[in-house]
Amino acid sequence: MKKNRKINIAFAGTPEIAFDIFEELSNKDFQINFILTQTDKKAGRGAQLKSSKFLEKKETYSVLQPENLNDNDFKKIILNQSIDLLIVVAYGKILPSWLLEHPKYGCLNVHFSILPKWRGAAPMQRAIANGDKSFGVSFMKIEEKLDTGGIYKTISTKNNSQDIYRLEKKFCLLYTSDAADEGLGVDLGGRRII
C-alpha cells in the first residue's frame, strides 16, 4: 500500500454506540466507502418504527440497509468497491463469508466484552446481569465462527455500579483515547491503523 494513499474502510453498525464510534472514525484520515446498517425496525412499547441514526449520514456517505446480505444486487455494489478494512461495531447480523473475504485486510470487530467471555449478542447486558466486576471492549479479527478471531487488543474498566448507557459512553471515550494514543496494533500494509 502506498504510504500517501488513504486507507479505504467500510463501516457496519446499527445502535447509537456504533454511531458514536463512527463519528470518531470519520474524523480520522480514512476514505469511508460506505456504511452498512440494519433496516428500520419497530421498537419500544408502541412498536414505533425506529430508523438507524446512520441515515443522518446519507448526504455524505453511501448508507446501505440490505434486508438480505446475500442479495445479488447488494453483493454487486460491495464487490465493485475496493475496501482495505471493514470495521464492525454491533451491526446485529452475522456477515456471510463472501463479505468477510472481500476487504483486502479483513474485518475488524469492536466487541463490548473482555473476550473470550460473553461471546455473541448483548455482552454488556449479560455482564451486568452476571454481576461482573469489570467490563471491557475487545478489538478482534472477524472469522466465520462467532467471536473466534484473533484479538488485537482489549481495554477494560471496573464496574462502579454503572448502567449500560454510562458504560457505553465510557467505552467510547476509552476507545477513542486509547486507540489514538497507542493504536490497536492492526497493521495494513506497513501502516498502523486506529
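The values are calculated or read from the model by the stated rules, or taken from the named source; none is laboratory data. All of these numbers come straight from a predicted model, not from anything done at the bench. Reconstructed Cβ throughout: ideal geometry from the backbone, glycine too, with neighbour counts over all protein chains shown. Surface accessibility is based on the protein's heavy atoms, side chains included, excluding ligands, DNA and RNA. Shrake-Rupley method; radii C 1.70, N 1.55, O 1.52, S 1.80 Å.
Give the stretch 100-142 a look and list any residue that's modelled with pLDDT of 80 or more, crowded, with 17+ Cβ neighbours inside 10 Å and under 21 Å from residue 69 (Cα atoms), or say none.
Pass one, the stretch 100-142, residues modelled with pLDDT of 80 or more: 100-110, 139-142.
Checking which are crowded, with 17+ Cβ neighbours inside 10 Å leaves us with 100, 102-103, 105-110, 139-140, 142.
Across the stretch 100-142, the qualifying residues are 100, 102, 103, 105, 106, 107, 108, 109, 110, 142.
Within the stretch 143-154, residues that are at pLDDT 75 or above and open to solvent by 40 Å² or more (accessible area, probe 1.4 Å) sit with their Cβ atoms under 6 Å from residues that are small (Gly, Ala, Ser) and in a loop (DSSP other than H, G, I, E, B), at 6+ positions apart or across chains, in these pairs: 143/149; 152/185.
So is residue 49 of a type in the set (A, V, I, L, M, F, W, C) and either within 17 Å of the chain's Cα centre (by Cα) or in a loop (DSSP other than H, G, I, E, B) (or both) or not? Give the steps one after another, and end with the answer.
On the way: of a type in the set (A, V, I, L, M, F, W, C): yes; either within 17 Å of the chain's Cα centre (by Cα) or in a loop (DSSP other than H, G, I, E, B) (or both): no.
When the stated conditions are applied, residue 49 does not pass them.
So in the stretch 27-56, with the set limited to residues that are free of Cβ contacts under 8 Å to residues at least 12 places away in the same chain and open to solvent by less than 90 Å² (accessible area, probe 1.4 Å), which one is farthest from residue 94 (Cα to Cα)? Per the criteria, the residue is 46. Within the stretch 44-68, take every residue that is more than 21 Å from residue 21 (Cβ to Cβ) and among the aliphatic types (A, V, I, L, M) and give me the one that is modelled with the highest pLDDT. Looking at residues that are more than 21 Å from residue 21 (Cβ to Cβ) and among the aliphatic types (A, V, I, L, M), I get 49. The number of residues in the stretch 71-94 being farther than 20 Å from residue 137 by Cα and either assigned to a helix (DSSP H, G or I) or touching a strand residue (DSSP E or B) at 6+ places or on another chain (Cβ under 7 Å) (or both) comes to 12.
When you check residue 16 against the structure, is it on the phi < 0 side of the Ramachandran plot, open to solvent by 40 Å² or more (accessible area, probe 1.4 Å) and under 16 Å from the mean Cα position of the chain (by Cα), yes or no? Give the steps one after another, and end with the answer.
On the way: on the phi < 0 side of the Ramachandran plot: yes; open to solvent by 40 Å² or more (accessible area, probe 1.4 Å): yes; under 16 Å from the mean Cα position of the chain (by Cα): yes.
Judged against the criteria, residue 16 is a match.
Of all the residues in the stretch 64-90, those that are touching a helix residue (DSSP H, G or I) at 6+ places or on another chain (Cβ under 9 Å), open to solvent by 20 Å² or more (accessible area, probe 1.4 Å) and among the hydrophobic types (A, V, I, L, M, F, W, C) number 3.
Can you name every residue in the stretch 52-64 that is over 20 Å from residue 142 (Cβ atoms) and not in a helix (DSSP H, G or I)? Within the stretch 52-64, 52, 58, 59, 60, 61, 62, 63 qualify.
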